[in-house]
Amino acid sequence: MSNKNRPYEAIIIGAGVAGIYQAKMLADLGVNFLAFEANDDLGGTWFKNRYPGCRFDSESYTYGYKFSRELLEEWDWKEHFSPQPDNLKYLNFVADKFDLRQYFRFGCRVQSMLWDESAHLWSITLASGEVYQARFVITCLGVLSKKFVPAFKGADEFSGVAFHTYDWPADPVPLSGRKVGIIGTGATGIQIIPEIAGKVAELTVFQRHPNWSVPLNNDPISSAEMEDIRSRYDEIFATCKKSQGGFCHLPMRRDYTDTTPEERREFWDELYERRGFALLLANYRETFLDAQANRELSAYVADRIRGRVNDAATAEKLIPTNHGFGMRRLPLETRYFEAYNRENVRLIDLNETPIEGITQTGIRTVAQHHDLDLIIYATGFQAITGGLSSIVIEGADGQVLNDKWRDETSTYLGTMTRGFPNMLMVAGPQSVSGSTNYPQAIETGVEWVTALLRHTLAGQHTRIEASQAGEDFWNAEVAFRQDQMPFSKVRSWFTGYNPNAAAGASDFRYNNYWGGVPKYRKFLQDAADEHYSQVEFS
Ligand code: NAP
């Protein structure tokens with residue numbers, strides 16, 4: 001099938017948080033568009049991540065869209081950190097309220113995109129072989145949508161059940177009486193482990209590196225509290241707007257150096273009991289920026305872990321030694337450390353005893369064989385660029401995006417990349433989407449992309465491309481901000497580490513804009529105010 005006789009003005013790829021809002025904006029703009037989604041329904045990350053314990057770690061009322069007052073009035077959040085099933089319901093509620101389903105085609109994986117320079121059109125080929133044409137393509141692919149499964153020797157021979165957390169089945173997974181192994185202790189593993197520890201016969205955690213983690217302190221929202229939140233939405237969003245990461249926590253105004261160690265401990269005790277990212281974001285700025293202050297805070301959190309884990313040797317294994325507190329993406333937990341006090345939970349330190357391979361009946365480390373019925377791969381994602389790199393995108397002059405970005409990611413404002421005309425990225429690489437409360441970041445991107453389209457259509461232009469000067473400027477700004485970050489030399493997806501990278505590729509890339517949401521918003525606003533001087537129109 002094809003629409004060659006009547007190309008769409010725009011095609012959106014992705015029906016997650018970004019794709020849904022982008023569809024709303026294009027519907028309001030009145031353009032003829034369609035949206036493809038590889039999954040069988042909308043929701044993106046909240047459609048796919050169905051593992052036990054999956055929930056927001058941004059406060060629910062800062063995660064919802066704020067473009068519609070009516071929507072804010074109508075939707076009640078039930079918990080301070082809403083669980084995945086409710087988040088998926090919310091996104092469906094939004095799509096239905098604004099009648100957006102009509103634009104989406106589900107089960108449609110985009111395989112390739114080819115730019116036709118003579119017609120100024122993209123040809124989009126789906127996995128089914130169908131080809132569609134569109135003037136503009138807007139990618140809304142998410143930052144964590146391409147799972148990473150390590151290639152363990154013998155993995156195919158395992159006779160039990162095995163899956164990555166991104167593929168956790170929608171139907172209940174029998175856990176009772178089962179011997180379960182989980183590989184990975186990032187934010188996902190840390191959410192799952194305490195949730196299933198009491199439900200399985202045995203849980204073996206295979207940990208390569210521990211992560212710092214502090215309590216989420218989630219609790220239900222009563223209807224009276226929801227009314228109060230609703231009355232304060234303007235104030236809450238104003239705080240998020242000021243925050244570097246778009247969260248409702250602002251840093252402590254007082255200087256760390258003006259306080260005594262006792263005062264600091266007292267303050268940290270209070271933050272440890274607060275909800276969400278308080279210990280990271282509402283702390284003294286120096287605890288993030290200054291190495292000595294960061295060491296002191298890390299020691300504080302390490303003591304907290306020691307105080308919660310009964311076995312001293314296990315506690316030490318759960319304390320990171322290769323990075324300070326907040327220097328990788330901070331997972332938030334609910335009784336995670338207490339899970340290791342259970343008789344049926346065992347921690348395997350893969351630095352001491354690496355995995356040799358997977359067998360028919362379990363996992364073999366260099367020390368012993370672990371019999372398992374279920375293996376959970378909580379091994380993360382090919383972050384930020386994974387969605388785009390899964391599509392073969394051939395732009396002007398036959399250049400392929402994966403070739404352009406082989407050694408370094410390169411964009412203009414995280415929204416366009418030179419050589420790929422009429423391709424706009426929402427929450428793309430080098431935007432703030434990887435470092436922030438996601439909806440707060442995508443909102444800015446969706447609105448900018450829509451305004452640029454409006455401007456382009458009003459000028460009757462059929463081709464837009466980022467200028468080389470604009471892209472050079474943005475690459476330098478992204479690099480400058482990342483290099484200033486205290487974690488710039490810590491290997492993680494924050495600093496561009498890609499577990500699927502080709503041999504010899506750098507573990508560090510400039511994939512994220514670390515100047516913060518307010519600065520990023522200002523750059524976008526300035527570009528629009530200057531009538532997109534770094535975009536070439538024809
Ligand atoms: P992740 O943070 O990348 O963690 C992957 C884990 O797998 C790490 O512990 C890693 O160990 C381990 N691993 C990878 N390859 C391995 C191998 N070959 N052998 C042994 N272990 C291996 O992934 P994630 O936990 O899925 O989280 C990704 C991101 O998703 C988070 O940073 C967060 O932004 C988002 N997330 C958000 C929420 C939420 O609450 N909103 C919840 C979950 C996830 P190393 O550390 O040694 O590499």
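The values are calculated or read from the model by the stated rules, or taken from the named source; none is laboratory data. Not measured: the values here are computed from a predicted model. Neighbour counts are summed over all protein chains in view; Cβ atoms, including those assigned to glycine, are modelled from backbone coordinates with ideal geometry.
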Selection status of ALA35, in a strand (DSSP E or B), on the phi < 0 side of the Ramachandran plot, in contact (Cβ under 8 Å) with a residue 24 or more places away in the chain and crowded, with 22+ Cβ neighbours inside 10 Å: yes
field: Filtered residues of the stretch 195-218 (kept if farther than 19 Å from LEU318 by Cβ and away from the ligand (no atom under 16 Å from the Cβ))
entry: LYS199, VAL200, ALA201
Residue satisfying all of: in the stretch 372-393; within 15 Å of the ligand (Cβ to nearest atom) and β-branched (Val, Ile, Thr); nearest to VAL137 (Cα to Cα) among these: THR385
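Taking strands (runs of 3 or more DSSP E) that do not extend beyond the stretch 158-222, which have at least 2 residues that are touching a residue at least 40 places away in the same chain (Cβ under 8 Å) and surrounded by fewer than 18 Cβ atoms within 10 Å (Cβ to Cβ)? Walk me through it before giving the result.
Numbers: elements: 161-164, 179-183, 202-207.
Answer list for the stretch 158-222: 161-164.
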message: What's the total number of residues in the stretch 129-142 that are touching a strand residue (DSSP E or B) at 6+ places or on another chain (Cβ under 8 Å) and either within 11 Å of the ligand (Cβ to nearest atom) or in a strand (DSSP E or B) (or both)?
response: 9
- line: Note on THR436: of the conditions (1) touching a residue at least 40 places away in the same chain (Cβ under 8 Å); (2) under 23 Å from ARG135 (Cα atoms), unmet is (2)
task: Check GLN430 against each of (1) within 16 Å of the ligand (Cβ to nearest atom); (2) in contact with a Leu (Cβ under 9 Å, 6 or more places away or on another chain); (3) in a loop (DSSP other than H, G, I, E, B); (4) not aromatic (Phe, Trp, Tyr) and name the one condition it does not meet.
output: (1)
- prompt: Of all residues in the stretch 63-82, how many are surrounded by fewer than 17 Cβ atoms within 10 Å (Cβ to Cβ) and not hydrophobic (A, V, I, L, M, F, W, C)?
  reply: 8
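Yes/no matrix, rows are residues, columns are (1) more than 16 Å from the ligand (Cβ to nearest atom); (2) touching a helix residue (DSSP H, G or I) at 6+ places or on another chain (Cβ under 8 Å); (3) within 26 Å of LYS147 (Cβ to Cβ); (4) part of a strand (DSSP E or B):
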residue	(1), (2), (3), (4)
ASN310	yes, no, no, no
ARG329	no, yes, yes, no
LEU347	no, yes, yes, yes
ASN351	no, no, yes, no
HIS370	no, no, yes, yes
message: Restricting to the stretch 345-404, and then to whatever is more than 30 Å from GLY19 (Cα to Cα) and of a type in the set (D, E, K, R), can you tell me which residue is surrounded by the fewest Cβ atoms within 10 Å (Cβ to Cβ)?
response: GLU352
task: Working only within the stretch 281-308, note down all residues that are within 29 Å of VAL205 (Cα to Cα), touching a residue at least 60 places away in the same chain (Cβ under 8 Å) and either of a type in the set (A, V, I, L, M, F, W, C) or not in a helix (DSSP H, G or I) (or both).
output: VAL301
task: Could you please let me know if GLN191 is over 27 Å from the mean Cα position of the chain (by Cα) and at pLDDT 95 or above?
output: no
field: Subset of the stretch 11-32 that is outside any loop (DSSP other than H, G, I, E, B) and within 16 Å of the ligand (Cβ to nearest atom) - its residue that is farthest from THR125 (Cα to Cα)
entry: VAL17
